[in-house]
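See below for the structure under consideration.
The values are calculated or read from the model by the stated rules, or taken from the named source; none is laboratory data. Not measured: the values here are computed from a predicted model. No Cβ is skipped: glycine too gets one built from the backbone with ideal geometry, and neighbour counts run over all protein chains shown. In case anyone asks, the SASA skips ligands and DNA or RNA and just uses the protein heavy atoms, side chains included. Shrake-Rupley method; radii C 1.70, N 1.55, O 1.52, S 1.80 Å.
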Amino acid sequence: MKTAATTADSNRDQKLRTMLTALRDETYERVRELRHEQDEDAEQDPGDEMDRARATTDTETHASLIAREEERLRFIDEALGRMEQGRYGSCAGCREPIPLGRLQAVPFAAYCIECQQKRHRETHGWSDGGTIQPYDQQWTLPEEMEERPEPTSASEEVVAMTSGSVFAEGGPTEARSRAKPKARPHKK
């Protein structure tokens with residue numbers, strides 16, 4: 001006799017299988033459309049240099065899109081294979097069930113979000129456009145390089161002129177016209 005949990009699991013698996021199959025069929029159709037468009041672009045006789053450049057760009061774009069869709073097909077086929085083996089929906093890292101929401105968003109997910117993030121951090125370094133410690137921190141402008149506000153009163157201007165190297169060869173007026181004052185309000 002089947003229990004309610006077994007029936008629910010069977011319904012869930014059937015819905016996920018249907019979703020994966022539909023996604024595979026849609027992706028396969030998309031690959032066929034892209035290949036057809038690529039063939040049409042290749043058949044056209046480009047006239048001038050701009051037309052040839054555009055045709056080359058279109059061909060490369062189609063090739064890239066086809067490669068992405070074929071990779072997606074591979075992921076879907078792997079997920080269907082895991083389903084046949086009874087491993088679909090279990091994280092390949094921690095062996096815990098992958099939440100249904102994640103499987104609905106990414107039907108071919110092999111890892112739960114936590115394990116996927118861990119894998120991403122481990123595999124993405126300098127060569128993949130990522131950053132490594134200590135360079136992964138936000139850079140902030142050093143205090144001495146921050147822009148300083150212009151003095152608003154005559155007394156602030158005198159303080160600004162006497163507190164640093166504002167005096168130059170042409171005197172304070174000429175130096176002030178060439179450079180911003182270096183005085184900053186004191187912080188405590």
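Tell me, please, whether a residue that is assigned to a loop (DSSP other than H, G, I, E, B), among the hydroxyl-bearing types (Ser, Thr, Tyr) and either in contact with a Cys (Cβ under 9 Å, 6 or more places away or on another chain) or open to solvent by less than 70 Å² (accessible area, probe 1.4 Å) (or both) can be found in segment 64-83.
No, every residue in segment 64-83 fails to be assigned to a loop (DSSP other than H, G, I, E, B), among the hydroxyl-bearing types (Ser, Thr, Tyr) and either in contact with a Cys (Cβ under 9 Å, 6 or more places away or on another chain) or open to solvent by less than 70 Å² (accessible area, probe 1.4 Å) (or both).
If you go through segment 55-80 one residue at a time, how many are within 27 Å of the chain's Cα centre (by Cα) and farther than 24 Å from Ala109 by Cα?
Of the residues in segment 55-80, 8 are within 27 Å of the chain's Cα centre (by Cα) and farther than 24 Å from Ala109 by Cα.
In segment 27-56, which residues are out of contact with any helix residue (DSSP H, G or I) (no Cβ under 7 Å at 6 or more places or on another chain) and of a type in the set (A, V, I, L, M, F, W, C)?
Met50, Ala53
Output the qualifying pairs, or none if there are none: Cβ atoms under 8 angstrom, residues six or more apart or on different chains, first residue in segment 7-23 and at pLDDT 80 or above, second residue open to solvent by 60 Å² or more (accessible area, probe 1.4 Å) and part of a helix (DSSP H, G or I).
Met19/Gln104
Among the residues of segment 22-44, is there at least one that is open to solvent by less than 60 Å² (accessible area, probe 1.4 Å), assigned to a helix (DSSP H, G or I) and among the hydroxyl-bearing types (Ser, Thr, Tyr)?
Yes - at least one qualifying residue is present in segment 22-44.
Go through (1) surrounded by 14 or more Cβ atoms within 10 Å (Cβ to Cβ); (2) at positive phi for Gly86 and report which single condition fails.
For Gly86, the failing item is (1).
Go through the residues of segment 90-106 one by one and say whether even a single one is in a helix (DSSP H, G or I) and open to solvent by less than 40 Å² (accessible area, probe 1.4 Å).
Taking every residue of segment 90-106 in turn, at least one turns out to be in a helix (DSSP H, G or I) and open to solvent by less than 40 Å² (accessible area, probe 1.4 Å).
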